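To start, the structure under review is shown below, and the notes come after it.
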Amino acid sequence: PKGSVFSFRTAALRGCSHRLWLQRGTGRVATIYRARRSLVRMLHRVTTTRRVAPLLMLLRARTAGTTASAALPYPRGAVASVLATAAPPYRYLLIKRGRPPGVGQWSLPGGKLEVGEAALAGAMREVGEETGLPPQALCLHQRPLSATDAIFAASDGGVAFHYVIAQCFAWVDSAFVDTVRPGDDAADARWFSLPDVQTLAMKEEPGGGGQLGEVAQLIVLSQRMYAAGLIERPSFN
């Protein structure tokens, strides 16, 4: 359409070709050709930037007759962290989501990984953003406990969200337990015992997208790994 990136690209190429035709035989053809090739590369980068690419995906989806949700850039990498108090009786930190997906549901602190960001670094960042806990408050286990999918359906029958989640574990220094404050897309943040988490999981509606059943299983897994010596004792420096 007129005025779009595509019309700009077409007009620029036509103009460059016209100049090439006018100056053919003047000894400057090679220079103009190189300039034209550089312009083509530049315009290609412009039309494939992060802002334009999603629009192109939606345009292709409409042309092919598919749903918009089918064109979304999923699955995406994400992290979630089991945060446990460093001293018994052990409690676990959950956040109530304030944004989609899962608005109003309790879950582990976590979120999307950024490009080039390692899972453990992303876990530390997300914990800080959603709970206010600084890095020195955490004793992070040096590899994820497991990985799982989180898939949420769209109203058109497609996929609204699809994340592949690396599930991490960290002890929280007792000196910071009462400093937790919700932030970013967390509407609330509270400490729960494992029986409390299991009770909340039983109250979730089947098919409602709740994740607390899996959260409870992950907490049990972390307890068993700690008992077997596979998770180190907390140490804060």
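Has the range 131-152 got at least one residue that is of a type in the set (D, E, K, R) and assigned to a strand (DSSP E or B)? If you could, list the steps in order and put the result at the bottom.
Filtering the range 131-152 for residues of a type in the set (D, E, K, R) gives 143, 149.
Still in the running and assigned to a strand (DSSP E or B): 149.
Within the range 131-152, one or more residues are of a type in the set (D, E, K, R) and assigned to a strand (DSSP E or B).
For every residue, the table says whether it meets (1) over 24 Å from residue 230 (Cα atoms); (2) at pLDDT 95 or above.
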site	(1), (2)
63	yes, no
88	no, no
111	yes, no
114	yes, no
131	yes, yes
151	yes, no
156	yes, no
162	yes, no
170	no, yes
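Considering 229, 183, which residue is surrounded by 13 or more Cβ atoms within 10 Å (Cβ to Cβ), not β-branched (Val, Ile, Thr) and not in a strand (DSSP E or B)?
Numbers: 229 fails: surrounded by 13 or more Cβ atoms within 10 Å (Cβ to Cβ).
From the options 229, 183, the qualifying one is 183.
Just checking, which of 212, 218, 230 is within 15 Å of residue 170 (Cα to Cα) and under 24 Å from the mean Cα position of the chain (by Cα)? It would help to see each step written out before you state the result.
Numbers: 212 fails: within 15 Å of residue 170 (Cα to Cα); 230 fails: under 24 Å from the mean Cα position of the chain (by Cα).
After applying the criteria, what remains is 218.
Pairs, please: C-beta under 7 Å, at least 6 apart or cross-chain, first residue modelled with pLDDT of 90 or more and in the range 188-217, second part of a strand (DSSP E or B) and of a type in the set (Lys, Arg)?
As it stands, the answer is 188/96, since those pairs meet every condition given.
Within the range 169-179, identify whether any single residue is out of contact with any Asp or Glu (no Cβ under 8 Å at 6 or more places or on another chain) and closer than 24 Å to residue 104 by Cβ, and answer yes or no. Quick ask: steps written out before the conclusion?
We begin by selecting, within the range 169-179, every residue out of contact with any Asp or Glu (no Cβ under 8 Å at 6 or more places or on another chain); these are 169-179.
Going one step further and asking which of them are closer than 24 Å to residue 104 by Cβ, we end up with none.
No, because not a single residue in the range 169-179 is out of contact with any Asp or Glu (no Cβ under 8 Å at 6 or more places or on another chain) and closer than 24 Å to residue 104 by Cβ.
State yes or no: is residue 116 in contact with a Gly (Cβ under 6 Å, 6 or more places away or on another chain) and either within 22 Å of residue 213 (Cβ to Cβ) or exposed (fewer than 14 other Cβ atoms within 10 Å of the Cβ) (or both)? Lay out the reasoning, then the answer.
Numbers: in contact with a Gly (Cβ under 6 Å, 6 or more places away or on another chain): no; either within 22 Å of residue 213 (Cβ to Cβ) or exposed (fewer than 14 other Cβ atoms within 10 Å of the Cβ) (or both): yes.
No, not satisfied.
Residue 216 is checked against (1) assigned to a helix (DSSP H, G or I); (2) in contact with a helix residue (DSSP H, G or I) (Cβ under 8 Å, 6 or more places away or on another chain); (3) of a type in the set (A, V, I, L, M); (4) closer than 22 Å to residue 120 by Cβ and fails just one. What number does that condition carry?
All conditions are met except number (4).
Each row is one residue, and each column tells you yes or no for (1) more than 18 Å from residue 86 (Cα to Cα); (2) loosely packed, with under 15 Cβ neighbours inside 10 Å.
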{"site": "99", "(1), (2)": "yes, yes"}
{"site": "104", "(1), (2)": "yes, yes"}
{"site": "109", "(1), (2)": "no, no"}
{"site": "144", "(1), (2)": "yes, no"}
{"site": "156", "(1), (2)": "yes, yes"}
{"site": "168", "(1), (2)": "no, no"}
{"site": "178", "(1), (2)": "no, yes"}
{"site": "193", "(1), (2)": "no, yes"}
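Could you say whether any residue in the range 159-170 is assigned to a strand (DSSP E or B) and without any contact (Cβ under 8 Å) to a residue 12 or more places away in the chain? I'd like the intermediate steps shown before the answer.
The first filter runs over the range 159-170 and keeps only residues assigned to a strand (DSSP E or B), leaving 159-170.
With the extra rule that they be without any contact (Cβ under 8 Å) to a residue 12 or more places away in the chain, the set shrinks to none.
The answer is no; no qualifying residue exists.
The values are calculated or read from the model by the stated rules, or taken from the named source; none is laboratory data. Being a predicted model, the structure only gives us computed values, none of them experimental. Because the Cβ atoms are built from the backbone with ideal geometry, glycine has one as well, and the counts that use them run over all protein chains shown.
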